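Everything below concerns the one structure shown next.
The values are calculated or read from the model by the stated rules, or taken from the named source; none is laboratory data. In this text the structure is predicted, and so the values were computed from the model without any measurement. Note that we place each Cβ from the backbone using ideal geometry, even for glycine, and neighbour counts take in every protein chain shown. Just the protein is used for accessible areas: all its heavy atoms, side chains included, with ligands, DNA and RNA removed. Shrake-Rupley method; radii C 1.70, N 1.55, O 1.52, S 1.80 Å.
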Amino acid sequence: MDEYLETCESLGRQPEKAFKGQFNVRIDPTLHKELAYHAVRDNCSLNQYVENALRKAVEKEEDR
């Protein structure tokens, strides 16, 4: 870790902050209900369903 911070300092860059893997998203209650329904249908948690959808969206963007 010290080496990373020293490298960032020598390059004049800010070190990247650590991500917790959590963030709050405010969405329309109707969309929330639809997502929850699809998660149950796919036999997974709402969290897993949303994570999968976000992963697919990012992969699609990377393929562009």
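Cβ contacts < 9 Å: first residue without any contact (Cβ under 8 Å) to a residue 12 or more places away in the chain and among the hydrophobic types (A, V, I, L, M, F, W, C), restricted to region 34-45; second residue surrounded by 12 or more Cβ atoms within 10 Å (Cβ to Cβ) and not in a helix (DSSP H, G or I), any location; separation 6+ or different chain. Result?
Going by the 9 Å Cβ cut-off, the qualifying pairs are A39/S45.
May I ask you to list pairs of residues, at least six apart or on different chains, whose Cβ atoms are under 7 Å apart, with the first in region 1-29 being farther than 23 Å from V50 by Cβ and the second being open to solvent by 100 Å² or more (accessible area, probe 1.4 Å) and in a loop (DSSP other than H, G, I, E, B)?
What qualifies is C8/Q14.
Go through region 15-57 and give me each residue that's surrounded by 10 or more Cβ atoms within 10 Å (Cβ to Cβ) and modelled with pLDDT under 95.
Answer for region 15-57, where residues must be surrounded by 10 or more Cβ atoms within 10 Å (Cβ to Cβ) and modelled with pLDDT under 95: just P15.
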